[in-house]
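S.K.: Before I ask anything, here is the structure I am working with.
The values are calculated or read from the model by the stated rules, or taken from the named source; none is laboratory data. This is a predicted model, so every value here is computed, not measured. Virtual Cβ from ideal backbone geometry, glycine too; neighbours counted across all protein chains shown. To get the accessible areas, we keep the full protein, side chains included, count just its heavy atoms, and leave off ligands, DNA and RNA. Shrake-Rupley method; radii C 1.70, N 1.55, O 1.52, S 1.80 Å.
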Amino acid sequence: MKKSYISCFLSIALVACQSSQTTKSNMPDTVKPRLALNAIPADFKFSLFISGGGDKNGAIDSWTLDTNGIMSVHTSIRKAVGKYQSLKALAGLDSVDMDTLRMLIWKGKLQTLDSTDITQQCAGDEHFLMRIVPLSTEMPVTLSFDACATDYNLLIGQQRRYFKKFMDWWGRMRVKYRPSQPE
């Protein structure tokens, strides 16, 4: 009786070991290199300046942001009809927002944009100035465009998608991080 229990226990242990080994070997080898290819290099550093203004609200925002997520914000808020007050602030992006920005710039290759691909001018739209300075051997990218260039531009494929995502991201960040004057 003891021998049958021992042999049953050993056979169960053997089957359990074999099944865990087979699941490990069933993992395709191509998964690991794909993850490494999509990763953002740790040494990817940049500086970003973006300014938007001239829309129907008259508000002007400009940000200077570095790779550490520290940003200098200069904005104007409406105090009365036709009257604006200028505010300056220093803040840090939340890590999730900074990771999203790094991903958008890296995967969308926004640091290699050609300014002639984003030249759409639309009457009455907000006008943007943007400068991405990769802190490597690459040349800085300087862009001047209206808000409609988010949808109407000459970018193709991945750059087009990520440029739109970047502009959507900045729109959300302008609201989230806008400084306010204490009353």
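S.K.: Going by the structure shown, is GLY92 under 23 Å from the mean Cα position of the chain (by Cα) and at positive phi?
M.R.: Details: under 23 Å from the mean Cα position of the chain (by Cα): yes; at positive phi: no.
For GLY92, the condition - under 23 Å from the mean Cα position of the chain (by Cα) and at positive phi - is not met.
S.K.: Looking only at segment 151-183, which residues are of a type outside the set (Gly, Ala, Ser), open to solvent by 20 Å² or more (accessible area, probe 1.4 Å) and part of a helix (DSSP H, G or I)?
M.R.: GLN158, GLN159, ARG160, ARG161, TYR162, LYS164, LYS165, ASP168, ARG172, ARG174, VAL175, LYS176
S.K.: Considering segment 98-113 alone, what residues qualify as being free of Cβ contacts under 8 Å to residues at least 60 places away in the same chain, open to solvent by 10 Å² or more (accessible area, probe 1.4 Å) and touching a helix residue (DSSP H, G or I) at 6+ places or on another chain (Cβ under 9 Å)?
M.R.: Here is the first cut: in segment 98-113, the ones free of Cβ contacts under 8 Å to residues at least 60 places away in the same chain are 98-99, 108-110, 112-113.
When the remaining residues are screened for being open to solvent by 10 Å² or more (accessible area, probe 1.4 Å), the result is 98-99, 109, 112-113.
If the condition is that a residue be free of Cβ contacts under 8 Å to residues at least 60 places away in the same chain, open to solvent by 10 Å² or more (accessible area, probe 1.4 Å) and touching a helix residue (DSSP H, G or I) at 6+ places or on another chain (Cβ under 9 Å), then LYS109, THR112, LEU113 are the ones that fit.
S.K.: Still on this structure, please answer the following. Do we find a residue being over 15 Å from the mean Cα position of the chain (by Cα), modelled with pLDDT under 80 and surrounded by 16 or more Cβ atoms within 10 Å (Cβ to Cβ) anywhere in segment 57-75?
M.R.: yes
S.K.: Need the failing condition index for SER136 against (1) open to solvent by less than 30 Å² (accessible area, probe 1.4 Å); (2) outside any helix (DSSP H, G or I), just the number.
M.R.: With (1) open to solvent by less than 30 Å² (accessible area, probe 1.4 Å); (2) outside any helix (DSSP H, G or I) applied to SER136, the lone miss is (1).
S.K.: Taking segment 69-87 as the region of interest, how many residues are more than 17 Å from LEU48 (Cβ to Cβ), without any contact (Cβ under 8 Å) to a residue 24 or more places away in the chain and not in a loop (DSSP other than H, G, I, E, B)?
M.R.: Number of matching residues: 6.
S.K.: Another one. I'm trying to understand the selection: among the residues of segment 139-150, which are farther than 19 Å from LYS45 by Cβ, hydroxyl-bearing (Ser, Thr, Tyr) and not in a helix (DSSP H, G or I)? Full working, then the answer.
M.R.: Of the residues in segment 139-150, the ones farther than 19 Å from LYS45 by Cβ are 143-150.
Filter once more, keeping what is hydroxyl-bearing (Ser, Thr, Tyr): 144, 150.
SER144 - this is the single residue of segment 139-150 that is farther than 19 Å from LYS45 by Cβ, hydroxyl-bearing (Ser, Thr, Tyr) and not in a helix (DSSP H, G or I).
S.K.: For segment 114-128, which residues satisfy the criterion of being open to solvent by 50 Å² or more (accessible area, probe 1.4 Å) and assigned to a loop (DSSP other than H, G, I, E, B)?
M.R.: Residues satisfying the conditions are ASP114, THR119, GLN120, GLN121, ALA123, GLY124, ASP125.
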